[in-house]
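The values are calculated or read from the model by the stated rules, or taken from the named source; none is laboratory data. Computed from a predicted model, the values in this text were never measured in an experiment. Positions of Cβ are backbone-derived with ideal geometry, glycine not excepted, and every protein chain shown enters the neighbour counts. Note: accessible area is taken over every heavy atom of the protein model, side chains too, but ligands, DNA and RNA are not part of it. Shrake-Rupley method; radii C 1.70, N 1.55, O 1.52, S 1.80 Å.
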Amino acid sequence: MAGVASGNDFQWCFSQVKGAIDEDVAEADIISTVEFNHSGELLATGDKGGRVVIFQHEEECKNRLQLRGEYNVYSTFQSHEPEFDYLKSLEIEEKINKIRWLPQQNSAHFLLSTNDKTIKLWKISERDKRAEGYNLKDENGRLRDPFRITSLRVPVLMPMDLMVEASPRRVFANAHTYHINSISVNSDHETYLSADDLRINLWHLEITDRSFNIVDIKPANMEELTEVITAAECHPNQCNVFVYSSSKGTIRLCDMRAAALCDRHTKFFEEPEDPSSRSFFSEIISSISDVKFSHSGRYMMTRDYLSVKVWDLNMENRPVETYQVHEYLRSKLCSLYENDCIFDKFECCWNGSDSAIMTGSYNNFFRMFDRNTRKDITLEASRESSKPRATLKPRKVSTGGKRKKDEISVDSLDFNKKILHTAWHPKENVIAVAATNNLYIFQDKIN
């Protein structure tokens, strides 16, 4: 798979954009998570209004060979509703924090979606036939008088317009005191973990009334609390291994074979801080907002405020690769602290072959790094470049001095436009980028 090299060998172009163009964006329409399924055929988004929208990949037309096919709406359903916790007098938002697909076992698809407190397992299935010719009901569904039935009929299945149904199969509730920030399906396809600020629970997909607490970092005295869990993920092929990251910039790898409660980690990943660059903001910007295992299971990637780091699971003392996402913001940390942007949680993702990584930035910019060539590129998700098949022009930010043509100055970046959620197709160079209430889909240019 070609990475993200700039130049003639590899270019990204616009494919689609979903969502309204309105200047006034309703809070409920803001996309809060994006996730391809394991084949890449389906793409799910969750929003702050508690809705899940699933797009399905349509095969390309024969007369439009250069197009790879588009993603069109397959199913939309309300996953979560706003609730109220009467014991704590707290409103529980309906916002979808995470969606995770289960590997497909039959013709139906299953996914887990979660808000701050409750995880739900949804089944998405198709129906294109209906039964007709009942004995006790007439064609309109009304009950018939049994005494007037003189002969028995065998009901038959008749074709009907395709219906896609989303039905909740399990509800996993009341297990988290704090807000859920991660869910991750295990490689055994039977269990999954959910993490909040202080605890990680292990669930069986068939059992909703109990879960096992496998990590608990809550101190006896909450005044002694120094760090919180920010993200957690299961290893892609070792069902006993998982990692979780913390607000202190550390990552702990745990092995469930060692003990039932994994408070003692097996490995501890931390990069020593350079004393010369220490500042008031050091602790805030070192907080890890996302952690993702590579598909191979050999590496993991972490995202902090200014950088993406790739770690070899066999080396704990420092990352093997560090990529600066927007180093030019280091001089702006004071104003980013005042407008709360410094607390934004950016996610990161691998491409299908683990050769490239992607993460978001401000001004609707997103960044790609090719691990083989060490080239990087900044692209923009905007309506201006949303003409069909339009090639995305690399963007550059000027960091002082004389601004070159086509460069944008740091001071004119829009910090309200941020790319927090991105996803990369597991098998092809197709990416999905959430920009506020719009979902952009880009693909590599087929010459």
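Are there any pairs with C-beta distances below 7 angstrom linking a residue in the stretch 150-178 that is of a type outside the set (A, V, I, L, M) to a residue that is open to solvent by 70 Å² or more (accessible area, probe 1.4 Å) and in a strand (DSSP E or B), with the two at least 6 apart or on different chains, and if so which?
Pairs found: Pro159/Asp128; Pro159/Lys129; Glu165/Arg127.
Scan the stretch 89-110 and give yes if some residue there is open to solvent by less than 10 Å² (accessible area, probe 1.4 Å), at pLDDT 90 or above, β-branched (Val, Ile, Thr) and assigned to a strand (DSSP E or B), otherwise no.
yes
Would you list the strands (runs of 3 or more DSSP E) that sit entirely within the stretch 378-442 and hold 3 or more residues that are modelled with pLDDT under 95 and farther than 16 Å from Lys18 by Cα?
Numbers: elements: 396-398, 407-409, 421-424, 430-435.
Strands (runs of 3 or more DSSP E) meeting the threshold: 396-398, 407-409.
Which residue out of Arg169, Arg210 is touching a Lys or Arg at 6+ places or on another chain (Cβ under 6 Å), farther than 27 Å from Asp344 by Cα and open to solvent by 60 Å² or more (accessible area, probe 1.4 Å)?
Arg169
Could you please give the count of residues in the stretch 89-106 that are aliphatic (A, V, I, L, M) and closer than 16 Å to Phe77 by Cα? If you could, list the steps in order and put the result at the bottom.
Start the filter on the stretch 89-106 by keeping residues that are aliphatic (A, V, I, L, M), which leaves 90, 92, 96, 99, 102.
Narrowing further to those that are closer than 16 Å to Phe77 by Cα: 96, 99.
Final tally of qualifying residues: 2.
Let's see how each residue does on (1) under 28 Å from Glu35 (Cβ atoms); (2) not polar (S, T, N, Q):
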residue	(1), (2)
Ser353	yes, no
Arg367	yes, yes
Lys375	yes, yes
Ser409	no, no
Leu413	yes, yes
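Can you name every residue in the stretch 11-26 that is outside any strand (DSSP E or B), of a type in the set (A, V, I, L, M) and either open to solvent by less than 20 Å² (accessible area, probe 1.4 Å) or modelled with pLDDT of 85 or more (or both)?
Correct list: Val25, Ala26.
Going by the structure shown, is His295 modelled with pLDDT under 95 and either crowded, with 17+ Cβ neighbours inside 10 Å or within 25 Å of Lys375 (Cβ to Cβ) (or both)? So that I can check it myself, show each step before the final result.
Numbers: modelled with pLDDT under 95: no; either crowded, with 17+ Cβ neighbours inside 10 Å or within 25 Å of Lys375 (Cβ to Cβ) (or both): yes.
So His295 fails the test.
So which residues in the stretch 386-413 are within 27 Å of Ala432 (Cβ to Cβ), open to solvent by less than 50 Å² (accessible area, probe 1.4 Å) and not hydroxyl-bearing (Ser, Thr, Tyr)?
Arg389, Ala390, Leu392, Val397, Ile408, Leu413
Based on this model, can you work out whether Leu102 counts as free of Cβ contacts under 8 Å to residues at least 24 places away in the same chain and of a type outside the set (D, E, K, R)?
no
Suppose the filter is out of contact with any Asp or Glu (no Cβ under 9 Å at 6 or more places or on another chain) and under 30 Å from Gly49 (Cα atoms); does His425 pass it?
Against the criterion (out of contact with any Asp or Glu (no Cβ under 9 Å at 6 or more places or on another chain) and under 30 Å from Gly49 (Cα atoms)), His425 qualifies.
Select from the stretch 291-345 the residues that are under 20 Å from the mean Cα position of the chain (by Cα) and among the polar types (S, T, N, Q) and list them in ascending order.
Ser294, Ser296, Thr302, Ser307
From the set of residues in the stretch 242-282 that are closer than 12 Å to Ile214 by Cα and without any contact (Cβ under 8 Å) to a residue 24 or more places away in the chain, which is most open to solvent (accessible area, probe 1.4 Å)?
Of everything passing the filter in the stretch 242-282, Arg264 is most open to solvent (accessible area, probe 1.4 Å).
Scan the stretch 167-205 for residues that are of a type in the set (A, V, I, L, M), touching a Leu at 6+ places or on another chain (Cβ under 9 Å) and assigned to a strand (DSSP E or B) and report the count.
Of the residues in that region, 6 qualify.
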